Amino acid sequence: MRAVLRFRMTFPRGSARTGTEEKRYEMKITILMGSPNRKGSTHLLAESFKRGAEEAGHTCEVIDVCRADLHPCIGCVRCGYEGPCAQKDDMEAIRGKLLRSDMVVFATPLYYYGMSAQLKALVDRFCAFNSSLNRRHLKSALLVVAWNADDWTFEALTAHYKTLVRYIRFEDEGMVLGYGCGTPEMTERSGYPEQAYQLGKRL
């Protein structure tokens, strides 16, 4: 089984070091759950991450993207890239939560080598608060699972995530890439839930 955890040992926003001691402050973390399967492998990773982060003293909120009332961006640009969206749905509430957060976590199964359509639709709607999101300098992470176990399985998705990090000026805290996680049982037997837990715990 591949070990594909990558994370950075950094201090969270607002943390400080005095001498050899690290002082931690609570972060508000929003987990964007992009899997429609509430008992699937993506949820296993997200729950493990959440448990680790909460044990580290942070607050986590999971947004069930697949059951939210979210419409795809229609490219009308009535928002001017920084204003009210023409569509009236749950995105306004999600926008507020993201802009009050210190970190966002993208959790998704791999669908045709990208994130789920539901999560992608939400990401596309970022355009309506582009400048505000950039100014937040949120920390971010990616949790993803796939049945595939080829070396190139996550190349397209990780390239997309890294582009978001660069464009929106996120501070990447790491990725857990779950190769060979075709069923929850396979995922439970892998080391990926523990890797997700450790990623949350080390924030």
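Of note:
- Within the chain, longest stretch clear of exposed chymotrypsin sites (Phe, Trp or Tyr not before Pro) (DSSP loop, no more than 15 other Cβ within 10 Å): 26-80
- Each DSSP beta bridge with both residues in the chain is either parallel or antiparallel, and the antiparallel ones are about 25%.
- Applying 0.36 nm per residue to the separation of Lys88 and Lys201 and subtracting their alpha-carbon distance, the gain on full extension is 37.0 nm.
- Take the Cβ atoms of Ala149 and Cys127, set R0 to 35 Å, and the FRET efficiency comes out at 0.50.
- Under 5 Å, built H, 5+ apart or other chain: amide partners of Cys79: Ala86
- Length added when fully stretched, Arg38-Val165, from 0.36 nm per residue minus Cα-Cα: 43.0 nm
- Using the Cβ-Cβ distance between Lys97 and His137 with R0 set to 22 Å, the FRET efficiency works out to roughly 0.85.
- Charged-residue dipole, Cβ positions (Lys, Arg, Asp, Glu), the range 27-201 about Cα centre, Debye nearest 20: 540
- Altogether, the Stokes-Einstein calculation at 20 °C and 1.002 mPa s, with the Kirkwood radius of the chain over Cα pairs as Rh, returns a diffusion coefficient of 124 µm²/s.
Read-outs: derived from the displayed coordinates by stated rules, not from any lab. Small disclaimer: the values here were computed from a predicted structure and weren't measured. Note that we place each Cβ from the backbone using ideal geometry, even for glycine, and neighbour counts take in every protein chain shown.
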